[in-house]
Amino acid sequence: MSHSINELVTQAQSLATQFPRCSTEQALTYACEHVADHIVGARIMQSHELEDWLQSVCHREDIDVPELHIAKARPSALASTDIDSHRICLYGRTTTLSTLLHEVAHASVRIDGHGVLFRDELIRLTRAHLSVEYAALLHSLFVGLGLEAAPWGASAHRR
């Protein structure tokens, strides 16, 4: 069953309410990622496989490789990034590549928030390392929810 972008935007808008402790921008960003994961999918990897993949992505992108920590699963978070120490912490035995790229985007732009610079980097990274389909859906959801994003064509290139 295919969904129209309007249906998916409505779904993301509704999902954003599941993040009551987040800013509106952060909640909408998380909801868009959740919808993209559900519709397009992102590979799930075991925690012991992630270090090599992270290094490969960062080397290809010319990003300093963040230190990676794996911690016990937490009900309130999938991952976090400490931009000051350049450290990513993933919670649980498995992680989707989209979650890891979300954290790499934080480390790359060195911003804790989920504003336009973060979103643009996330779209660019998902386009390069997950799929064009995933990135295009994420971009369309962001724009459909009124979240600022660079034009789609800009996501093909590193600034």
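The values are calculated or read from the model by the stated rules, or taken from the named source; none is laboratory data. Everything numeric in this text was worked out from a predicted model, so none of it was measured. So basically every Cβ, Gly included, is an ideal-geometry build from the backbone, and we count neighbours across all protein chains shown.
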Those residues of the stretch 79-104 which are out of contact with any strand residue (DSSP E or B) (no Cβ under 9 Å at 6 or more places or on another chain) and either surrounded by 16 or more Cβ atoms within 10 Å (Cβ to Cβ) or not acidic (D, E) (or both), in sequence order
I83, S98, L101
Check whether at least one residue in the stretch 2-21 is in contact with a Phe, Trp or Tyr (Cβ under 7 Å, 6 or more places away or on another chain) and either outside any helix (DSSP H, G or I) or among the charged types (D, E, K, R) (or both), and report yes or no.
yes
So which of A107, A154 ends up being closer than 21 Å to M45 by Cα and either in contact with a Cys (Cβ under 9 Å, 6 or more places away or on another chain) or assigned to a helix (DSSP H, G or I) (or both)?
A107
S76 is checked against (1) at pLDDT below 95; (2) exposed (fewer than 14 other Cβ atoms within 10 Å of the Cβ); (3) over 22 Å from D37 (Cα atoms) and fails just one. What number does that condition carry?
(3)
With the requirement that a residue be touching a residue at least 24 places away in the same chain (Cβ under 8 Å) and either among the polar types (S, T, N, Q) or over 19 Å from A135 (Cα atoms) (or both), what does the stretch 22-59 give you?
S23, Q26, T29, M45, Q46, S47, L50
